[in-house]
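Enquirer: Got a structure for you, questions after.
What follows draws every value from the coordinates through simple rules; no lab data is involved. Treat the numbers as computed from the prediction; the structure is a model and nothing was measured. A quick note on method: Cβ atoms are made from the backbone with ideal geometry, for glycine too, and the neighbour counts reach across all protein chains shown.
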Amino acid sequence: MIQGIGAAAGVAIGKAFVLPNWEWSLPDTQVNPVDLAKEFERLYEGIRTSKNEIEFIKKEFREVVGPEESSIFDAHLAILDDPVFMSEIRGIIERQYKAAEVAVKEAIDHFVQMFDLLDDEYMKERAVDIKDVGNRLLKHLLGAPEVVLPSDTQPYILVAKELSPSQLVHLNPAYVLGIVTMMGGKTSHSSIMARALGIPLVAGLENKLPSPIQTGDMLVIDGETGSVQLHPDETTVTNYASIRDKQQKKREQLELLATVEAVTKDGVTLRLAGNISSVKELKVALKYGAGGVGLFRTEFLYMDRSSFPTEEEQFDVYKQVVEQVGDGSVVIRTLDIGGDKHLDYFQLPEEQNPFLGYRAIRISLDHKDMFKTQLTAIVRASAFGKVKVMFPMISSVEEVQAAKAVLEEVKQELADRGVPFDRNLPVGIMIEVPAAVMIADLLAEEVDFFSIGTNDLVQYVLAVDRMNEQIAHMYHPYHPAVLRMIRMTVEAAADAGIQVSVCGEMAADERSLPLWLELGISELSMSPQALLKVKHRALNTIASEARTVAKACFRHRTSLETEEKLSAFVRRSGIVLEAAAKPQEKSS
């Protein structure tokens, strides 16, 4: 067995197809100085063609997995607009009289080498994006064809040194059983895309193979554990085939739970909602039984365009979502850009640490017209269903009061125009920074509900960037400090008599269920793909036993103790899908 990095869960069994390295060997061609204008024209035409191609790929991929994962290609477009990268290319052409394709290749090699020298694994993986974009540009300059993948007749496990997002996006998940890469890790863009497409992926096998994998070699890979079996014996194949078949059967049985309420064995009901970024994602969430929308990430309405969306454009989308949800509530979070989310048409300042910088509510309050446009669309949509508005990245009472003041302006203006809306529109905030936790009692006096954003809360409490491979092992959702922060928030909400829900990866982690039951949190919001798994766990849980386990977890001194305790409880509570999966009517 060869041990790599499990980057996308699932078992795959099949023959390998080894993808040739996408590399170019170019003669050091020089051009006559009088022909430089022609080389620049070729370069700019190649850039335009590459951009159009990336935009097409992005749109195509978005149709499959939604806007969040497809935003990976924004990084590729940004590289083609990057002044440093393009200046390097132009300088080589202008000063050294080299052909456009030679200048592009030298610039790629320069920046990739520079990134590879960095200690930060995350930054090293971004070198793949530079190579991907550069090779696309080279392809157009040279008129070269794409690397051809096997025809869709025989399923295969794709093996590559590294796999670019552009290559991955063209794969047919029905025929790609799994992927093995020599380079990369969990945070690479290809890993993110593989998870979105449901393709098992094992990465990081460089220097770990006894001999190179050849096309036609039999492989067994486990994308959860990161193991690869090269030339497996019959017993190994049979064992893993059984695991794969059980996983498939479980997926099919879980789908039967869509119409079943999430009720524990002793009668505690949980409300499971979906995190969405688009109407398309809402359809998936409703298919899997979401009782509403716990987090509508509106920033994706602002992406993939050349200007801010109008009030009418936003209103149409919000109204569609609210009407499709029906009796369930829709929590609409106001614009949350900054950090790792940028708009091409809205220039943000360069920052050394953008995650602690100018983002989310800080931007909205500084750009009141933009903020009012969004709030107006949200408030108008409240006339068509149960809408709640939520402000992100709150760290002070002043921010909440300022945001509410703008909201009141909007409501007054709509009232003056005779436009209908919910006069009692609930207002909430994200609890995702330690400051908000420490003044949760004060914030609770200002709002109607809290939503605990666990992803950011864990990062900020522990000062750990989970996208940084060097310290990702320190990202512990079950760290005692995180659990105490969550409990403090819940207690403050209870004292004030307001609702509190949880969204983020902890909500989607079935092991966390005892914590929510002990804290009295009955509403969880998660990615649509996690809904059935968490519902299944609730159906197989006795709440009173779960609370006992959670009480012990809150006394633990280490993350590992809590993780082991919760994992053991999940194993003990059993897997009883057949009984739970009998279709039932939802109670009204």
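Enquirer: Can you give the FRET efficiency for Arg572 and Gln154, using 1/(1 + (r/R0)^6), R0 = 56 Å, r = Cβ-Cβ distance, to the nearest 0.05? Don't skip to the end; give the middle numbers.
Expert: Details: r = 43 Å, r/R0 = 0.76.
Using R0 = 56 Å, I get an efficiency of 0.85.
Enquirer: In vacuum, with every alpha carbon of the stretch 254-580 counted as one equal point scatterer, what does the Debye formula give for log10 I(q)/I(0) at q = 0.07, 0.10, 0.14 Å⁻¹? Two decimals, please.
Expert: Listed by q, the Debye log ratios stand at -0.28, -0.58, -1.14.
Enquirer: Using a 7 Å offset from the Cα along the Cα-to-Cβ direction at both Asp28 and Ser307, what is the distance between the two label points in nm, to one decimal?
Expert: 5.0 nm
Enquirer: Within the stretch 254-580, what percent of beta bridges assigned by DSSP are antiparallel, to the nearest 5?
Expert: Details: 4 of 33 bridges.
Beta bridges within the stretch 254-580, antiparallel portion: roughly 10 percent.
Enquirer: Another one. Starting from 0.36 nm per residue, how many nanometres of slack lie between Glu45 and Ser522 once their C-alpha separation is accounted for?
Expert: Value of the extension gain: 166.1 nm.
Enquirer: Exposure proxy check: Val534, Val202, Val263, Val458 ranked by fewest other beta carbons within 10 Å?
Expert: Ranked by crowding around the Cβ, least crowded first: Val263, Val534, Val458, Val202.
Enquirer: Something else: Considering only DSSP beta bridges where both residues belong to the chain, give the percentage that are antiparallel (nearest 5).
Expert: Roughly 35 percent of the beta bridges in the chain run antiparallel, per DSSP.
Enquirer: Using a simple charge model, +1 on the beta-carbon of Lys and Arg, -1 on the beta-carbon of Asp and Glu, nothing else, what dipole does the stretch 251-373 show about its Cα centre, in debye to the nearest 20?
Expert: That gives the stretch 251-373 a dipole magnitude of about 280 debye.
Enquirer: Taking Cα atoms, how many degrees apart are the long axis of helix 543-553 and the longest axis of the chain, rounded to 10 and kept between 0 and 90?
Expert: 70 degrees
Enquirer: If you rank Tyr460, Tyr318, Tyr475 by fewest surrounding Cβ atoms within 10 Å, what's the result?
Expert: Arranged by neighbour count, lowest to highest, Tyr460, Tyr318, Tyr475 become Tyr475, Tyr460, Tyr318.
Enquirer: Another question, then. Place the peptides 421-430, 400-409 in order of packing, highest mean first, counting for every residue the other Cβ atoms within 10 Å and averaging per peptide. Numbers along the way, then the final one.
Expert: On the way: 421-430: 18.6, 400-409: 16.2.
The densest-packed peptide leads the list: 421-430, 400-409.
Enquirer: Moving on to the next point. Students often check this: by mean Cβ neighbours within 10 Å, which of 127-139, 242-254, 547-559, 493-505 ranks highest, and how do the rest follow?
Expert: Details: 127-139: 22.8, 242-254: 13.7, 547-559: 15.4, 493-505: 19.3.
Put in order of decreasing packing, that is 127-139, 493-505, 547-559, 242-254.
Enquirer: Right, here's the next one. Set Lys and Arg Cβ to +1 and Asp and Glu Cβ to -1, take the dipole of the chain about its Cα centre, and tell me which of Thr238, Leu205, Ala492 lies farthest positive.
Expert: Thr238
Enquirer: Using only Cα atoms and rounding to the nearest 10 degrees, what angle (0 to 90) does helix 559-572 make with the longest principal axis of the chain?
Expert: Orientation of helix 559-572: about 80 degrees from the principal axis.
Enquirer: Pick out, in residue order, every one of the trypsin sites (Lys or Arg not before Pro) in the stretch 301-371 that is DSSP loop and has at most 13 other C-beta atoms within 10 Å; say none if there are none.
Expert: In loop regions of the stretch 301-371 (DSSP not H, G, I, E or B), the sparsely surrounded trypsin sites (Lys or Arg not before Pro) are Arg305.
Enquirer: Here's a follow-up. Once you sort the root eigenvalues of the Cα gyration tensor of the stretch 446-541 as a ≥ b ≥ c, which label holds: rounded (a/c under 1.5), prolate (a/b larger than b/c) or oblate (the other case)?
Expert: Because a/c hits 1.5 or more and a/b fails to exceed b/c, the stretch 446-541 counts as oblate.
Enquirer: Using the Cα centre as the reference, give the magnitude of the dipole from point charges on the C-beta atoms of the stretch 254-580 (Lys, Arg: +1; Asp, Glu: -1; all else neutral), rounded to the nearest 20 debye. Spell out each step's value before the answer.
Expert: Working: 35 positive and 46 negative charges, 207 e Å.
Using only the charged Cβ atoms, the result is roughly 1000 debye.
Enquirer: Say each of Gln96 and Met114 gets a label point 7 Å from the Cα, pointing the same way as Cα to Cβ; how far apart are those two points in nm?
Expert: It works out to 1.4 nm between the two label points.
Enquirer: Set Lys and Arg Cβ to +1 and Asp and Glu Cβ to -1, take the dipole of the chain about its Cα centre, and tell me which of Val180, Ala440, Leu254 lies farthest positive.
Expert: Working it through, the farthest residue towards the positive pole turns out to be Leu254.
Enquirer: With label points built 7 Å along Cα→Cβ from the Cα atoms of Thr236 and Gln3, find their separation and express it in nm.
Expert: 1.6 nm
Enquirer: From the square roots a ≥ b ≥ c of the eigenvalues of the alpha-carbon gyration tensor of the stretch 334-448, which class results: rounded (a/c under 1.5), prolate (a/b over b/c), or oblate?
Expert: Cα axes put the stretch 334-448 in the oblate bin.
Enquirer: When Tyr240, Tyr345 are ordered from fewest to most other Cβ atoms inside 10 Å of their Cβ, what list results? Kindly include the intermediate steps, with their values, before the conclusion.
Expert: Working: Tyr240 19, Tyr345 10.
Ascending Cβ contact count within 10 Å gives the list Tyr345, Tyr240.
Enquirer: In terms of the Cα gyration tensor, with a ≥ b ≥ c the square roots of its eigenvalues, is the stretch 242-356 rounded because a/c is under 1.5, prolate because a/b exceeds b/c, or oblate?
Expert: It comes out prolate by the Cα gyration axes.
Enquirer: Give the calculated FRET efficiency between Glu491 and Lys265 to the nearest 0.05, with a Förster radius of 22 Å applied to their Cβ-Cβ distance.
Expert: Details: r = 27 Å, r/R0 = 1.23.
My answer for the efficiency is 0.25.
Enquirer: Given charges of +1 on the Cβ of Lys and Arg and -1 on the Cβ of Asp and Glu, with all other atoms neutral, how large is the dipole of the chain about its Cα centre, in debye to the nearest 20?
Expert: Details: 63 positive and 85 negative charges, 352 e Å.
For this selection, approximately 1680 debye.
Enquirer: Which length gain, in nm to one decimal place, applies between Arg557 and Glu398 when the Cα-Cα distance is subtracted from 0.36 nm times their residue separation?
Expert: 53.7 nm
Enquirer: Rank Val406, Ala377, Ala546 by how far each Cα sits towards the positive end of the charge dipole of the stretch 254-580 (+1 on Lys, Arg Cβ; -1 on Asp, Glu Cβ) and give me just the farthest.
Expert: Ala546
Enquirer: Let me ask something else about it. Using only Cα atoms, tell me the angle between helix 480-496 and the longest principal axis of the chain; keep it within 0 to 90° and round to the nearest 10.
Expert: The helix 480-496 is inclined about 40 degrees to the chain.
Enquirer: Give the calculated FRET efficiency between Ala463 and Glu351 to the nearest 0.05, with a Förster radius of 22 Å applied to their Cβ-Cβ distance.
Expert: 0.80
Enquirer: Same structure, new question: Where does the chain land on the Kirkwood hydrodynamic radius, alpha-carbon pairs, in angstrom?
Expert: Over the chain, the inverse of the mean reciprocal pair distance is 26.0 Å.
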